[in-house]
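Let me begin by presenting the structure, written as structure tokens, before commenting on it.
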Amino acid sequence: MKGKNQKISLSCPMPKLDFEIITLGHGSGGLLTNRLLDSGVFNLFKNKYLDKRSDGAVLNLSNESAFTTDSFVISPLFFPNSNIGELAVNGTVNDLAMCGAIPQYLSLSFIIEEGLTMTEFWKILVAIKFASEKAGVQIVTGDTKVVEKGKGDKIFINTSGIGKLHPLAKLDILNIKVGDKIIVNDNIASHGIAIMSIREGLEFETTIQSDTKNLNDIVSTLLDTFGNDIHLLRDPTRGGVATVLNEIARDSNYGIEINQKNIPIDDQVDAACELLGLDPLYVANEGVFIAIISAEIAEAFVEQIKQIKHCKNTAIIGEIVEHHPKQVVLSSAIGGKRIINMLVGEQLPRIC
């Protein structure tokens, strides 16, 4: 895993190419495919596994491991602070971290629509390199396909990940108990609103940026310190905080109570949600996790996270309760309570 102060090189000039646009031929598996991959993919992600250029990777896995896979179809591909490439790495790394695993290896597959420019593709590749180095993972295998124009949306990315379980990770819905505190590590809803802010017809002037980032270093440090007192971790991506809390309430058969005034949210994001008629509890996040932890460690847990960059707004937003099982109840900032249901349908399309 990369050290916190280790610098990552972003000096990745685009190689000189004799083609500017990706065509169907680049997905044929023949000469053009090899030219596409040789134009930078293999050099950019160079390691002993990828150098073999095999259809898979032979890995030496020790101890219990976690495995996950995810696909990314976000529109637009480029958005404030990031792009689909970084998102693809962070999303899979974070899914492993939520299992209590230390991410080690990723696969990387592209489905490219013919007509994508090499300039766009290179920017995505560089973002993947940056994100994977920052997270301390290696890309060990992958695949590239090209589809006809009109049968994709520029590029779709699939990443699968493997990581070894942290020795102190005992994360399980069955470990949750009444009185456990619910922690959010950062402002919510920033990613979804960053995407909405630049979509056609919905653009408005803000400095809102996507919150996408890898969470594995944070989670590993917390497990080192608090171990078994961390009962469950989840990242509220699609469906947001409300959907994840509903899933936890349903699967644990406990009730959940949260306090609106304690939920961290950027003022600009809050204002944008109000303008667009969106509930921030249902808006997607890409650098936020929810932790269910023992009440005894809650204050120390929050204080430790607050020392980490980007986590200054960590807060205790609620707790596990015995009454109203399988329901999430919000105490509003103006008084009164209301039930927070699971999201039905899609509040924000194509956000990851």
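We did not get these values from a lab; they are worked out from the coordinates using the rules stated. Model, not experiment: these values are computed from the prediction. Please note: Cβ atoms are built from the backbone with ideal geometry, for glycine as well, and neighbour counts cover all protein chains shown.
So here's what we get for this one:
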item	result
Candidates 96, 233, 31, ranked by Gaussian network fluctuation over the chain, Cα under 10 Å, top entry	31
Diffusion coefficient, µm² s⁻¹, Stokes-Einstein with Kirkwood Rh over alpha-carbon pairs of the stretch 108-208 at 25 °C and 0.890 mPa s	136
Antiparallel bridges, percent of DSSP beta bridges restricted to the stretch 173-340 (to nearest 5)	85
Debye equation applied to the C-alpha atoms of the stretch 24-165, log10 I(q)/I(0) at 0.10, 0.11, 0.13 Å⁻¹	-0.32, -0.39, -0.55
Percent antiparallel among DSSP beta bridges (both partners in the chain, rounded to 5)	75
Contour minus Cα-Cα distance for residue 313 and residue 209 (0.36 nm per residue)	35.9 nm
Relative counts (whole %) of C-alpha pair distances in the chain, using bins that are 10 Å wide	5, 24, 32, 24, 12, 3, 0
Residues whose placed amide H lies under 5 Å from that of residue 146, excluding near-sequence neighbours	27, 112
Simple label model, 7 Å out from Cα along Cβ direction - residue 175 to residue 267, nm	3.9
Local net charge near residue 152, Cβ-Cβ under 11 Å (Lys/Arg +1, Asp/Glu -1)	0
Cβ-based net charge around residue 249, under 11 Å, with every Lys or Arg adding one and every Asp or Glu removing one	-1
Segment residue 21-residue 334, extension gain: residue separation times 0.36 nm, minus the distance between their alpha carbons	107.2 nm
Overall Cα dimensions of the stretch 173-340 - principal axes, largest extent first, Å	46, 35, 25
Summed residue charge, Cβ within 12 Å of residue 142's Cβ, Lys/Arg positive, Asp/Glu negative	0
Rg in Å to one decimal, and Dmax rounded to a whole Å, for the stretch 251-352 via C-alpha atoms	14.9, 39
